[in-house]
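Working notes, structure below.
The values are calculated or read from the model by the stated rules, or taken from the named source; none is laboratory data. These figures come from a predicted structure and were not determined experimentally. Here Cβ is always computed from backbone atoms with ideal geometry, including for glycine, and neighbour counts include all displayed protein chains. Surface accessibility is based on the protein's heavy atoms, side chains included, excluding ligands, DNA and RNA. Shrake-Rupley method; radii C 1.70, N 1.55, O 1.52, S 1.80 Å.
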Amino acid sequence: MARYTHGYHDSVLRSHRWRTAENSAAYLLPLLTPQTALLDVGCGPGTITVDLASRAGRVVGLDRSPEVLAEAGRLPNPGNVTFQAGDVHALPFDDAAFDVVHAHQVLQHLADPVGALVEMARVCRPGGVVAARDGDYGGMTWYPADPALDRWQWLYREVARSNGGQPDAARHLLRWARQAGLTDVTATASVWCFATPDDRAWWGGLWAERVTASALADQAVALGLATPADLAAVADAWLRWADADDGWFAVVNGEVLARV
């Protein structure tokens with residue numbers, strides 16, 4: 001297991017709480033029915049999990065962090081969701097226990113994403129679906145240009161790689177799925193785009209806080225990649241971007257759906 005680059009600072013969890021089935025798992029929704037048994041791996045604070053449960057049958061959200069699982073457990077529950085602790089590399093379930101096994105923004109943080117996909121496929125029934133969606137930090141783009149945001153992009157990717165992860169996971173998903181022995185794979189992509197004043201204030205504000213107060217900041221300093229003053233300059237760049245009337249930011253996400 002790689003070290004989790006983001007950590008669990010509120011500036012991180014605010015972005016996770018924003019995620020819904022519609023904005024983060026639309027590629028999966030057509031495959032769900034009221035009879036679908038679904039495992040949501042790396043569920044975090046559970047907003048996607050609960051949304052998926054409104055379209056599925058039995059749903060289990062799994063995460064390794066007791067802190068975020070406690071938060072997920074406080075969400076309004078449609079009655080078919082349970083949350084539990086576990087490790088994607090050793091899932092605590094029998095073979096073929098689920099119809100769909102889903103992971104959102106998880107594989108990028110793992111030292112062995114192929115092994116994780118193998119384990120996800122193990123607990124998926126024959127004919128079921130393994131689904132994964134991950135971002136690509138190298139593919140993120142924005143306007144207006146700012147050298148300090150270029151520095152942010154480089155810095156995040158360096159920290160993530162030092163932790164054993166792959167920050168450009170989106171472009172690797174199809175290859176990883178095939179290396180995991182999954183042959184019936186559909187690969188797609190979708191984006192998050194932040195361009196309205198409210199979206200820019202939210203996205204720029206949480207990143208300005210994240211680069212100075214979260215585990216990412218601590219790791220960047222500990223690794224000698226940045227000083228606190230460097231990180232403050234990056235935070236200022238995020239706030240400049242958020243204030244720009246023509247500010248625009250796109251996050252590319254890769255997706256795979258693999259029939260087992």
Could you please let me know if residue 128 is more than 26 Å from residue 246 (Cβ to Cβ), of a type in the set (Gly, Ala, Ser) and in contact (Cβ under 8 Å) with a residue 24 or more places away in the chain?
-> yes
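Conditions (1) more than 14 Å from the chain's Cα centre (by Cα); (2) over 28 Å from residue 157 (Cβ atoms), marked per residue:
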site: 20; (1), (2): no, no
site: 35; (1), (2): yes, yes
site: 60; (1), (2): yes, yes
site: 84; (1), (2): yes, yes
site: 95; (1), (2): yes, yes
site: 102; (1), (2): no, no
site: 111; (1), (2): yes, no
site: 123; (1), (2): yes, yes
site: 130; (1), (2): yes, no
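Residue-by-condition table, conditions (1) in contact (Cβ under 8 Å) with a residue 24 or more places away in the chain; (2) polar (S, T, N, Q):
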site	(1), (2)
104	yes, no
107	yes, no
119	yes, no
122	yes, no
145	no, no
169	yes, no
186	yes, yes
195	yes, no
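Scan the helices (runs of 4 or more DSSP H) fully inside the stretch 5-121 and keep the ones with 1 or more residues being of a type in the set (Lys, Arg).
10-18
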Over the stretch 156-175, the set of residues among the hydroxyl-bearing types (Ser, Thr, Tyr) and open to solvent by 40 Å² or more (accessible area, probe 1.4 Å) is 162
State yes or no: is residue 28 open to solvent by less than 20 Å² (accessible area, probe 1.4 Å), over 14 Å from the mean Cα position of the chain (by Cα) and within 30 Å of residue 204 (Cβ to Cβ)?
-> yes
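For every residue, the table says whether it meets (1) among the basic types (Lys, Arg); (2) touching an Asp or Glu at 6+ places or on another chain (Cβ under 8 Å); (3) open to solvent by 60 Å² or more (accessible area, probe 1.4 Å).
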residue: 104; (1), (2), (3): no, yes, no
residue: 151; (1), (2), (3): yes, yes, yes
residue: 154; (1), (2), (3): no, no, yes
residue: 177; (1), (2), (3): no, no, no
residue: 188; (1), (2), (3): no, yes, yes
